[in-house]
Structures are given as C-alpha cells and as structure tokens.
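In what follows, a single structure is set out as structure tokens and then discussed.
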C-alpha cells in the first residue's frame, strides 16, 4: 500500500472516531454546552485539558525550536508546564467553586460591574482569536503535506470537521473528542521518539537516552557531548551552551507561565469537573499527560538534529565530522533510505543548492562576514543583469568584480574543519532551509520507521491542531452568547434560545477563524507571543486579585485590565509592526533596541505588574467592594457547598 | 463567630501551603534552571549539567509532584476545618 493511501486510511479512521464520539456526546442544555454538565472526572478532564492545551505548535514546532535554539529555548518547556502549578494553586479550585460558565462572568460578578465583564470579554476575544489563527494554519499545512491537497482545501476540511462536532456537541462533545485526540497525538509523538532513542542511545525511554551515552561509539561519549561537538564543528552554537541574556530568559519563562495560567480556553476546562478537590487534582493529571510529551520533546529535538546533521556529514557518526566528505547529490537520488530529503524538498521545509558545483551538499553555519559578502555579490550581479541594454556596464561590472574579490577574501579567512573555506572550494552553506517543523514531521522517515508511523504522525498533528482549535472556539463562542448576549444585550433570553445563540456563535467563530487562517496577519509565531503576553497581563492578574484581594473593586479591576492590555500590545506592536503589518514598527526588533533588553515575547510579566499596580492604586481612591461581594469572596475560598453550576 | 474564625484559619493554612509550594516552584525552574545554572555547572545528571537538566526535564517532574502533594494536603486541610464538599 502506498504512503498516500495509508495516510488517508489512518486520518480517515481518526476522524470517524471523532464524529462517532461527537454524536454520542451531543449537548442538550446550556450547562452541557458550556461546561459539559460538570460531570467530567479529574483524569478524563486532565486528558482533555492536555489535548486542549497542546497545540499544533507544541506537537509540530516545539521539538524543532528546542533542537535549534538549544538551552535558550528551554523557556517553552518550563513556561508551558510551570503554568499548571499556578492554575492548580491559584486559580482552578476557586473558579470551580464560583461555579459558573465563563471567565468574564467571574470578572463581572466579583467586580460587580457589567463594564468589567465587557473589558474581560474584549481581552478574551483578542487572546483567543489570535491564538486560533495559528491552529487553523497548522491544520491547513498538515493536510496539505499528508493528503496532497492545497493548504486552502486542507483548512476548509479542518473547519468542516470542527464545525461538525463543536456546534452540536459544545463543551461535552469537545471534551470527549479531545480525550480521543490526546490518545492519537501522544502515540504518534512517542513511537518515533522511542525508536530514535533506541537507535542513538540504546535507551527505551527518550528521557534517559537524552542524558545517556551515544550508542554508535559504544556509549563512551555522552549523547549531548556528541551533539555539542558535531554542531560546534560546523560553526553552530553548542546545544547546551549557556544563555546570552539571563534576564530576558527569566522574563520569557515567566510570561509563558503566567500566560498559560491566564488562557481562557484552558481555565474553562476546570469548570467541567464535579468538585473543587477535583479541580486541583485535574490540573495535576493534565500536567501528567502534558509531561508525557514535554519531557520527550527535548530528546526528539536534539536526536533529530544529530540525525539530520550526520546525514549531511556521514563522517560525524562514528569518527570526526570531516573524516568523510559531505553527502553527495548522487547519494540523495540513489539511496532509497534518503528519499525523504527529496520528499520534504517539495514542501519547501527543506532546501539545498549545490553552490560550488562539486556535487556535494556542505551544511554549516555560514559566518556573518561570508553571508554578507555573498549577499553583496548577489546584489551586484542582479544590478548588472537588470541594467538597460544601452547603459554603461563598466561601473556595474567593476562593482561585481570588487564584491567578488571581497567575498573571496572573506572565504579565505573563514574556517571549517581546520581549513579555510576558500582552500576547500566552498562558497557558502548549501543546505539553505531546514524548517523547525521537519524535526517532528520527517522524524519517522529520518529514523527509517514503517509507513503506518508516518501516517500516525499526520493524524497526531491534525489531532493536536483540531483539539486546541475546538477549545478556543468554545471560549470565543461562550463569551459571545453567554457574556455578550445573555449578560449584557438580552438578559431575559430563555435557556433554549441561549443554546441556539451559543450554536450560532460557534458557527460564526469557526467562519471567522477560517477566514483568518486563510488570510493570516504577519506570521503565527509573533501572534502567539501576543496571545501569551496579553493573557499574562490581563486575565491572570484580574483573576488573582478577584480571589486573593478583598480590597480591589471594579474601578481598579477595569483600569488594571486596560493598562495591561494597552501596555503589552503597544510594546509588542512597537517592535513587530502595528497589528503585525510589516514595516510599520517604530523600532527594530533587535536586543539593542529593546527596552532594558526585554524582547516583545518577554513583556507579559511587566504588563502584569503594571496591571496589579494600577488596580491597587486606583482601588485606594474608591470605595471597597460591597458586602455581597465580600461574601462571594469568602464563599469561593472554601470548597464546601460547590454544587452544580447555575445559569443565574 | 466561631465559623468566621475557622474560615480565617482555613484560609491562612491554605496561603501557607501555597507560599511554600511557590517557593519550590520558583527554585526548581527559575532558580536551578536559569539563575543558578552557571554556579552549578560542575554537578552532572548523566550527560547534562544540573541546571540544563532542570531546564529541559527536571523542573517538569517537580511541578508534577508539587501539584499532587498540594491537592492531597488541601484535602486534609479541608477535612480538618470541616469545609470539605
């Protein structure tokens, strides 16, 4: 059976499973639509939360980010797991005790103000909509790669699938589909990881292989030392190298942690469990299921990176990096075990050009001087070829000659494997693109695993993207139908009409997300930085103050949220362009131009501090919260009396 | 009035447990994983130095234990103060 048919079968079977579950778990009331009737056990909810949380970025991109970013990108590992400690200790149990359906609803009741609720709705919509764009793009890309359709068709199929189970099933349908999606995605992630770990280190558990010995040399060298040696030979920074900016790394980790705890689509998952003690336990189970992937991710990334590097420098496997010549193009085309290189070249995730015409692909980190000199040659040559027929060519030809001479001088000075590049006839790095995502997507092929594992990875990538998209869409639609329509515009709406409004809002949210997925603003990575920064600077502080302070009132909460929202978005837009429109940024996005060296992705904690400070200062100028709010605060602090959620 | 005192001591006990847990949370991630890594580079866990291992794997294990211990301790505190569900 060919790979395409296998992919189709495995993906088709996984979708049939999701539809079956969705039909079985249809929502028949608003309580079921918003919070799955509060009947989800802590382990099941933990699994659903893990799928809800682990997005296309976690599944497809994170291992590659860590593979190429090394120690510096540990921020994702710590940041995206440490947030669950904050959720379990500071938010989940109290919000479950409060016992209603949405995050803005808590803000509105605790701060006795519909305006506060509406500001929270705005924050929620900005966070969730920016986040959902990345998921829709992920669905389109995965479909396009594995089912040989265009990205647009892929995205439309994905939207139709989400539509089918989210509109009818609501939170109840989404919860049980997410459980199935978690199982698909964790199997798809772990199987290639175990095989690759056995190959490289002889350890069954990737977590142990990662810190164990490197098998091809008899295990005497540690795997990590081997990786460091090979990549530094090629001029890259060592995988375990220390960070150059500890302060920024600290802040990015903090931003991701408190951002995670402030993401509405994650918080509402804890509204679905029956008891307060279940909410605490459920956060622990969620982290168990997340850790199964997150503790494996650095092993997957680092091992895939060593594999890909030794593929291009075969000598690096058991000897010195340069003890054998680089991989030849003839070998790529004749060796069936290397067919993945041409396969992935088609998708654009991998690209190579034989710049010096020696029939081999030399992969290394081009020194900046060489890269700049090569660009100057290319620019001068372009100017010459584009010059008008009757123009004076002499100065242009002279410019090309000068640029070429400068480039040759740079090549004479740059070293690779103890010899200058010029002496080896190398003009530049010839593996021009290695996309982060390839570390997971091509992993089964690089590790020479059977076709059904490749198909499983495709189904896993789709499961990760679809489950997160569904969770986000529910957060968006419940904010519209429950907070905006029922809470502000039409408070007298009946239960039946609200359920209909919730389904229509869901359909509307899916249409909006699909449109944004087809026309994404900027690129997804920047947009995700905004989502985490805003969650950290708006939702997290307002919920914390709502639970732990008896003094902060509505004026403080509203002012705090607005300050957090504006400060964080302005700081990010300043460096990344207004609303991510390229070229509209005021300052270049470089460490020198950053305020105190704080990168846009690291601003979340600063925004949160501004939010807290504003809220406390403003609250001292106004009356303390009224008596019934004080009683509400006392009531959410104790577990006793948590019943079924009530719709007012 | 007795009820109020009990609620206050329950909340105080909760805050104490949260504070201790957050100190551990901070030390194992921001402390060992980031700030103290250079100082601890001599200590090794297999092929990784201690700080690196905490940043990529160890902190996650600590987070897990922390949440389950917190959940268990709070169940006991709930019962002791008679506020369990």
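Read-outs throughout are calculated quantities, based only on the coordinates presented, and are distinct from any laboratory measurement. Here the structure is a predicted model, which is why all the values come from computation and not from measurement. Virtual Cβ from ideal backbone geometry, glycine too; neighbours counted across all protein chains shown.
Descriptive notes on the structure:
- Separation of alpha-carbon centers, region A:279-343 and region A:117-176, rounded to whole Å: 29 Å
- The value of relative contact order for chain A, using C-alpha pairs under 8 Å at least six residues apart, is 28 percent.
- The stretch between residue A:386 and residue A:164 holds 74.6 nm of extra length on full extension. This uses 0.36 nm per residue minus the Cα-Cα distance.
- If you plug the beta carbon distance of residue A:23 and residue A:493 into 1/(1 + (r/R0)^6) with R0 = 45 Å, you get a FRET efficiency near 0.95.
- Averaging the sequence gap over all C-alpha pairs within less than 8 Å and six or more residues apart, then dividing by the number of residues, gives chain B a relative contact order of 32 percent.
- Rounded to 10°, Cα long-axis angle of helix A:114-147 versus longest principal axis of chain A: 40 degrees
- Helix A:394-413 axis, angle to chain A major axis (alpha carbon atoms, nearest 10°): 80 degrees
- Of A:603, A:19, the sequence from fewest to most neighbouring Cβ atoms within 10 angstrom is A:19, A:603.
- Pairwise FRET efficiency - residue A:148 versus residue A:353, Cβ, R0 = 35 Å, nearest 0.05: 0.90
- Gain in span if fully extended, residue A:365 to residue A:13, counting 0.36 nm per residue against the direct Cα distance: 122.4 nm
- Using the Cβ-Cβ distance between residue A:620 and residue A:512 with R0 set to 51 Å, the FRET efficiency works out to roughly 0.80.
- Counting neighbouring Cβ atoms within 10 Å and putting the fewest first, the residues A:334, A:635 line up as A:334, A:635.
- Taking other C-beta atoms within 10 Å as the exposure proxy, B:80, A:492, A:233 rank A:492, B:80, A:233 from fewest upward.
- Potential lengthening between residue A:402 and residue A:448 on full extension [0.36 nm per residue; Cα-Cα distance subtracted]: 11.8 nm
- With the cut-off at under 19 Å, measuring from each backbone N in region A:360-387 to a point 7 Å along the Cα-to-Cβ line of residue A:394 picks out A:384-385, A:387.
- Test item: A:75-85 mean partner chain Cβ contacts at 10 Å: 6
- Shielding by other protein chains, A:242-251, mean Cβ within 10 Å: 3
- Helix-only [θ]222 nm of the protein assembly as shown, DSSP H runs n ≥ 4, -39500 (n - 2.57) each, per residue, nearest 500: -21000 deg cm²/dmol
- The mean number of partner chain beta-carbon atoms within 10 angstrom of a residue's beta-carbon across peptide B:48-55 is 6.
- Taking the empirical scaling 2.2 N^0.38 Å for compact globular proteins as reference, region B:2-80 has a Cα radius of gyration ratio of 1.46.
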